[in-house]
Each structure stands twice: as structure tokens, then as C-alpha cells.
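K.L.:
The structure follows.
The values are calculated or read from the model by the stated rules, or taken from the named source; none is laboratory data. Every value quoted in this text rests on a predicted model; they were computed, and no experiment measured them. Heads up, the Cβs are rebuilt from the backbone with ideal geometry, glycines too, and the neighbour counts pull from every protein chain shown. For the accessible areas, the whole protein counts, side chains as well, though only heavy atoms, and no ligand, DNA or RNA atoms are used. Shrake-Rupley method; radii C 1.70, N 1.55, O 1.52, S 1.80 Å.
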Amino acid sequence: MAEIFGADHKIFDNITVGMVGLGLIGGSMVKATKQHTLHRVLAYDKDPATMKLAADTGYIDGVLTPETLPECSIVMIAIIPDQLVKWVEENAPYFAHDAVLVDLCGVKRYVAERVAPLARQYGFRYVGGHPMAGKEVAGFANAEGNLYRDASMILCPDQDTDKDTLDSLKAFYLSLGFGEIVLTTPEEHDSIISYTSQLAHVASSSYIKSPTSRQRMGFTAGSYKDMTRVARLDPEMWTQLFLDNADHLTAELDELIRNLTDYRDAIADGNAAELCRLLQEGRDLKVTEPIENC
């Protein structure tokens, strides 16, 4: 069962933070770090133009390399899972022994199963993480220092995570503007995120494929915008996230298809009583949903 924390804890002193990947998530993380703390930031992104922009705007203090990696107390990685694992495999020997690595991927089991053994082998600490915030646009230029304001930060400590490390990470992320810290396991994370995030992206991508969407001009309002916003996804990234969580996502898709079939059958049969019951059932579930989860 997930644990939620909102209270402050002892924080890292002014430290050097490493960031791999300066897209929306990683870029927002370094912007939040520079805007809300006095920490030094070293970063790496495979795109030279992104690195130049980050340096020119003062959001990074230098380049994260094997030579500078030992200076980092916290290293965060915000790239797709297979690239993340490859980067850790190549750079694990250069981590400081007291450093903490936090991956920011949208799936946790795939990463934890591969990165946790490397952390034990090379003597650094590893905690899976997932910031619960985002936008439909990507890239460092769209990153925001306040993207994480009042959002939840999910952390997945394991049997190797000591209390001091966890308390310091809680305080670090709360200092960046997060509203709460949620502790869970990789399995629980992947199960719930398949519904709260991944299913929504599949539904949005599927919904917009209707030929009617090409005739929509002048006929759309909030409902259409809400349904199609996340269809502007990164196909490469989301393909891997979906496949790395295929068991949970497939189960949620099966549930959605069953529910849609019930609505479809009631409408096709002209069964007003059943349709009204289905709609009332959905409404009641939304009305009783906790406000913080809406």
C-alpha cells in the first residue's frame, strides 16, 4: 500500500546534482532545482543545441561526464528505459559511493530489475522515482521550474534504502515544489500507472483516429480538448513504456473494452434504462472520487 508524506525532513546541504536528459521532465527538474535551491547542476543531453540552451540560460553549471560524475550527490535520469539502463551500465563505475541515483521513468519494474543490481555492485544508492506532472509538449524549451508545484513525487525504495537516504530525498523533492511524496513498490507503481497514465494515452491516440476528427472545426469544446491533449505523445518513448508494462496495461485495456461494449450495446439496443444505469454508475464513481485524485 502506498505511503504519502507531506511534512518536511532534513535536506541535503548545498550539493551537486546530476541530470541525464533535458527534455520536459529532466529540464523541468533542473529548472526547479536552480529556481528553488542553491544546488549546483551538471547535466548531459545527447542534443548539443539543448545543452547550449540550458547553459546559456543559466540552468546548468557544467557538463555531466565520467570525470564530473563523482562530484554528484544526487543523479537523476529522465530518458527512455532502455537508454537509461545502458547509460547506467556504462557509467556505474564513476558514481561516488555515497551518491543516490533516482530514475524518473514512467515504468519502475523494468528499470529497478536492471539498475538495482548495478547499484549494489558498484556501491551507490538507487531509488526509483516518478514525478506526477507533465504537459503535452516536449523539450527543454517547454520545461518549467514550477511544473512540479503541488504535484506528487513517487519514490520506490527497496530493502537497500536506508532511512537517512529516504528522508533526504523526501526533503529534496519537497524543496522543488512537490506537494507530497508517495512511497510504493515498483509492482504497485506499474499496476496503478497503467490506469492513471498509460491507458489515457492509448485511449487518446485511438480516439483521435476517427475520420470525424477531420470534420471537427467549429464543433469542439473542452471535452474534445481533454480527450485529445495527450495524443501528442512521443511514439518512441510511449511504445517502450507500454511494452515494458504490457501485462498491467493489457488488463486495463480489456476492462475498458468491456465497459465500452456495455455502453455500445445499450445504445444500439435503445435500452434507455440500462444506458441511464451505466451513466449514473460512472457519475457516482467520479463524484465520490477523492478530490486530490481528480
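K.L.:
Please list, in order along the stretch 208-224, the HN-Hα scalar couplings obtained from phi with the Karplus expression 6.51 cos²θ - 1.76 cosθ + 1.60 (θ = phi - 60°), rounded to whole Hz, x for Gly and Pro.
P.N.:
Karplus-based 3J(HN,Hα) across the stretch 208-224 equals 6, 7, 4, x, 5, 4, 6, 10, 7, 4, x, 10, 10, 9, x, 4, 5 Hz.
K.L.:
Only four residue types carry charge here, +1 at the Cβ of Lys and Arg and -1 at the Cβ of Asp and Glu. Report the dipole size of the stretch 138-294 about the Cα centre in Debye, rounded to the nearest 20.
P.N.:
Roughly 1160 debye for the stretch 138-294.
K.L.:
Using 0.36 nm times the number of residues separating Ser223 and Thr250, minus their current alpha carbon distance, what extension gain do you get?
P.N.:
Gain in length upon complete extension: 7.2 nm.
K.L.:
Looking only at the chain, where both bridge partners belong to it, what percent of the DSSP beta bridges are antiparallel (to the nearest 5)?
P.N.:
Of all bridge pairs located within the chain, approximately 25 percent are antiparallel.
K.L.:
Given a 1.4 angstrom probe, I'd like the percentage of the accessible area of the chain that is carbon and sulfur, rounded to a whole number.
P.N.:
54
K.L.:
Would you work out if the stretch 183-294 is rounded, prolate or oblate? Take a ≥ b ≥ c from the square roots of the eigenvalues of the alpha-carbon gyration tensor; rounded if a/c is under 1.5, else prolate when a/b is larger than b/c, oblate otherwise.
P.N.:
oblate
K.L.:
Moving on to the next point. Where only protein heavy atoms count, and the probe is 1.4 Å, what is the accessible area per residue for the chain in Å²? Could the numbers behind the result be given before it?
P.N.:
Working: 15570 Å² over 294 residues.
Result: 53 Å² of accessible area for each residue.
K.L.:
May I ask you to order 98-111, 223-236 by the average number of other C-beta atoms within 10 Å around their residues, highest value first?
P.N.:
On the way: 98-111: 23.1, 223-236: 13.1.
Top to bottom by mean Cβ count within 10 Å: 98-111, 223-236.
K.L.:
Which value, in Å² and to the nearest 10, is the accessible area of Arg40 when all protein chains are kept and the probe is 1.4 Å?
P.N.:
Using a 1.4 Å probe on the heavy atoms, I get roughly 90 Å².
K.L.:
Additional query: Rounded to whole Hz and in sequence order, give me ³J(HN,Hα) for the stretch 169-181 from the Karplus expression 6.51 cos²θ - 1.76 cosθ + 1.60, θ = phi - 60°, writing x for Gly and Pro.
P.N.:
5, 4, 5, 4, 6, 5, 5, 8, x, 4, x, 7, 10
K.L.:
Moving on to the next point. Using the basic label-point model (7 angstrom from Cα toward the beta carbon), what is the Asp269 to Asp61 distance in nanometres?
P.N.:
6.7
K.L.:
Which of [x] 58, 47, 39; [y] 69, 41, 33; [z] 68, 49, 31 is the computed Cα extents along the principal axes in Å for the structure on display?
P.N.:
[y]
K.L.:
Sticking with this one: For the stretch 35-43, just list the computed ³J(HN,Hα) in residue order, Karplus coefficients 6.51, -1.76 and 1.60, θ = phi - 60°, integers in Hz, with x standing in for Gly and Pro.
P.N.:
For the stretch 35-43, the Karplus-derived couplings read 7, 10, 9, 9, 5, 7, 10, 10, 9 Hz, x marking Gly and Pro.
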